[in-house]
Structure formats: C-alpha cells, structure tokens
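First the structure, in the form of structure tokens, and then the observations on it.
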Amino acid sequence: MSGPVRLIDIREGAEFEIDLTAFSEPEPVFAYVDDAGSRVAPRSGLVLDGRVIVEGQPPFMWLKGPRDCVRLRATTEGGPRSERVSFRALSVGEFCVEIYHVRRDGRATLLHQNDFCFK
C-alpha cells in the first residue's frame, strides 16, 4: 500500500514517517494499532493524544474487530508545522500494524498495513 506513510528504519523497531503535505488540517490526527500492545514513541512533530476506537475494518492477520488505537497528533507547538513527522513502534516479536488518518468527523481512513518480526 503506497501513500503518505513510509517505513524509514528498522534498527530499533519499526520507525514510520508520515508526509503531512497529504493532509489539509493544521494538526492532523493519526491512529496506530498493532496486535502486541500498540506502544509507540513519538520521534518528531507528533504528540500522544489519547486513544481512539476504529470500527468497521476487515480482519488483517491478527487484527480483528474494532481497533483500539493510540492517537498521534501532528503539532504546530513551537513553530510552523513540519512537512514530515515520525514515530517508532515499540513492539517486539511477530506483530501486524495498521496506521489510520482520523478526520475531524471521527472517520478513519487506512493509510498503511504491514507485519514485522523483531526479536
């Protein structure tokens, strides 16, 4: 699946970059879920912003039913919005990932799916 999300590093877990030029909001919101706890560390331009449930998605590997996601919000605090933001997934073992764009009306659009095996 191509789009604004790109895997940029796997040395210390999966690090993802999001190209914000694809989104019109000043502070777009994203949702991350994996089947191993959905733990993430914002790297640049993102802040943790609670959790969100994404409904109505078809099964993907071990993800089934509503997705309990971590919310990540692009931030303009401290200056103008960056064109690219990033975060790192902190899960280990074999797991699958989905990343969504969450619109202001709450609807979520799938941006990226992948599976990993980090030991």
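Could you sort ASP49, ASP105, ASP68, ASP34 by their accessible area in this structure, using a 1.4 Å probe and putting the largest first? Kindly include the intermediate steps, with their values, before the conclusion.
Details: ASP49 50, ASP105 95, ASP68 75, ASP34 10 Å².
The ordering from most to least exposed comes out as ASP105, ASP68, ASP49, ASP34.
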Contact order relative to length for region 1-92, counting C-alpha pairs under 8 Å separated by 6 or more residues, stands in percent at 38 percent
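Evaluate the charge dipole of region 1-55 about its Cα centre and quote only its size in Debye, nearest 20, assuming +1 on the Cβ of each Lys and Arg and -1 on the Cβ of each Asp and Glu.
The calculation lands at about 120 debye.
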A student applying the Cα gyration tensor rule (rounded when a/c is under 1.5; otherwise prolate if a/b is larger than b/c, oblate if not) would label region 1-78 prolate
Rounded to the nearest 10 Å², the accessible area of HIS101 using a 1.4 Å probe with every protein chain kept is 20 Å²
Mean-square fluctuation maximum in Gaussian network of the chain, Cα pairs under 10 Å, restricted to PRO28, PRO58, PRO66, hits PRO58
About its Cα centre, region 32-100 carries a charge dipole, from +1 on Lys and Arg Cβ atoms and -1 on Asp and Glu Cβ atoms, whose size in debye to the nearest 20 is 200 debye
Exposed-loop cut sites defined as GluC sites (Glu not before Pro) in DSSP loop states with at most 16 other Cβ within 10 angstrom; longest site-free run of the chain spans 13-54
Answer in debye to the nearest 20: the dipole magnitude of the chain about its Cα centre, from +1 Lys/Arg and -1 Asp/Glu charges placed on Cβ, is 120 debye
Checked region 32-119 with the C-alpha gyration tensor, a ≥ b ≥ c its square-rooted eigenvalues, rounded below a/c of 1.5, otherwise prolate if a/b is larger than b/c and oblate if not; verdict oblate
Quick calc: nm separation of the 7 Å Cα→Cβ label points for ASP105 and VAL47 -> 2.7 nm
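The values are calculated or read from the model by the stated rules, or taken from the named source; none is laboratory data. Since this is a predicted model, take the numbers as computed values, not measurements. For neighbour counting, all protein chains shown are included, and Cβ atoms are generated from backbone atoms with ideal geometry for every residue, glycine included. The area values use the complete protein model at the heavy-atom level, side chains included, leaving out ligands, DNA and RNA. Shrake-Rupley method; radii C 1.70, N 1.55, O 1.52, S 1.80 Å.
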